[in-house]
Amino acid sequence: MNPDEMAEQHEPEPQPTLWPIGFAIGVAVLLVGLVINPLWISTIGGAIAVVFGFLWAREATAELRGEPIVVEPERRELSASPTGQQEVMPAPVADTTVTRSRFLEGATLGLGGVIGGLITVPVAGFAVLPGFLGQKQHKVDLGPLSMFPLGEWFVATFVVDPAQGEVSRRTAFIRNNGTVADPKTKKSVPSFTIISNHCVHLGCPVQANGPTGAILGKPTVTERTKNGKVKLDPVVPAGYGCPCHGGQYDIEGNRIAGPPVRALDRYAFEIDNGRLTLLSTYSVSHVDGTGAGAKIYKYQESGPGEHLDGPEQWFYPLQPPHH
């Protein structure tokens, strides 16, 4: 094969262009804008797509419009074959040279990553961020301290958010522990044990293992507060049990049998003008001691079945705030 025939078979190819990449970016911005801000972001994306699409079409139709096309020729070397004829050999390419195929491969991967990020990140943000941002802390007024005699337990039923109604009704086990010295101010402050009735296995409602209400000959107390009706049912618990899967807890909420992996969650509280006010819940790994002298190993609230300490805790996703 002579050099002229080889040259005809290896016609020089046009140089790569950035117009298709710009056009694809414009389309991606346009689509993302339809979700985030149809007025501004979609308009900007549409403008980018139109400009780059025009430049791409203009370059693609240059030959049809009679414009000269500048193409870098492919350079080859002549070498002698065993038969004595000269053959056209490809010119050596340096390792640092970016070839057309390598450029297109990198541009495709890079553009795919950018488009995937532009589409995925906003959707993920809309799905995940609301659980972490703008969370309103609810406070539940349970009534005056006089409703909670020293050392007595109550099963309290209340509504967390009156705007949500019955769907936000909760139950907690409450005991007035008397007073305890505040480590910061050294003054005596009220102490309460307030345990959530949500089993930390799968969230079933835990029941007190002991007599309540009429069996004790004590009346159920009902109080009207700004959160709605609060019902206090006297109880003498020997612990707590879950009717779903047999989880058992002692009187302080420590897990003693069954599938739960930690102690029952608790409510933080404050005293507001002589009234007991519940705050957010928090999770507890275990409790040492009882009553006002108990040492509570508390953590940020975690979902049912999640370990709070040890290497197991590393395998759970980040929890949004709970109120």
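The values are calculated or read from the model by the stated rules, or taken from the named source; none is laboratory data. The structure presented is a predicted model; accordingly, all values stated were derived computationally and were not measured. Positions of Cβ are backbone-derived with ideal geometry, glycine not excepted, and every protein chain shown enters the neighbour counts. Remember, those area values only see protein heavy atoms, side chains included, never the ligands or the DNA or RNA. Shrake-Rupley method; radii C 1.70, N 1.55, O 1.52, S 1.80 Å.
Going by accessible area, probe 1.4 Å, with all protein chains left in place, what is the ranking of 40, 19, 314, largest first? Mind showing how you got there, number by number?
Details: 40 165, 19 80, 314 190 Å².
Sorted descending by solvent-accessible area, the residues read 314, 40, 19.
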Any chance you could get the radius of gyration and Dmax over the Cα atoms of the range 140-315, in Å? 16.0, 48
J(HN,Hα) series, the range 216-233, from Karplus relation 6.51 cos²θ - 1.76 cosθ + 1.60, nearest Hz, glycine and proline x: 7, x, 10, x, 7, 9, 10, 10, 8, 10, 5, 8, x, 7, 10, 10, 10, 10
Quick one: which residues, 5+ away or cross-chain, put their amide H under 5 Å from the amide H of residue 192? H built at 1.01 Å from N. 177
Short version: ³J(HN,Hα) in whole Hz for each residue of the range 257-270, in order, from phi by Karplus 6.51 cos²θ - 1.76 cosθ + 1.60 (θ = phi - 60°), x for Gly and Pro, what are they? 6, x, x, x, 9, 7, 7, 5, 5, 10, 9, 6, 8, 8
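Highest mean first, what order results for 205-212, 277-284 on Cβ atoms within 10 Å?
277-284, 205-212
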Accessible area (Å², 1.4 Å probe, nearest 10) - residue 54: 130
Please give the peptides 20-26, 163-169 ranked by average Cβ packing (other Cβ atoms within 10 Å per residue), highest first, as a rough proxy for protection. 20-26, 163-169
For a quick check of understanding: with a 1.4 angstrom probe and all protein chains in place, what accessible area in square angstrom does residue 105 have, to the nearest ten? 110
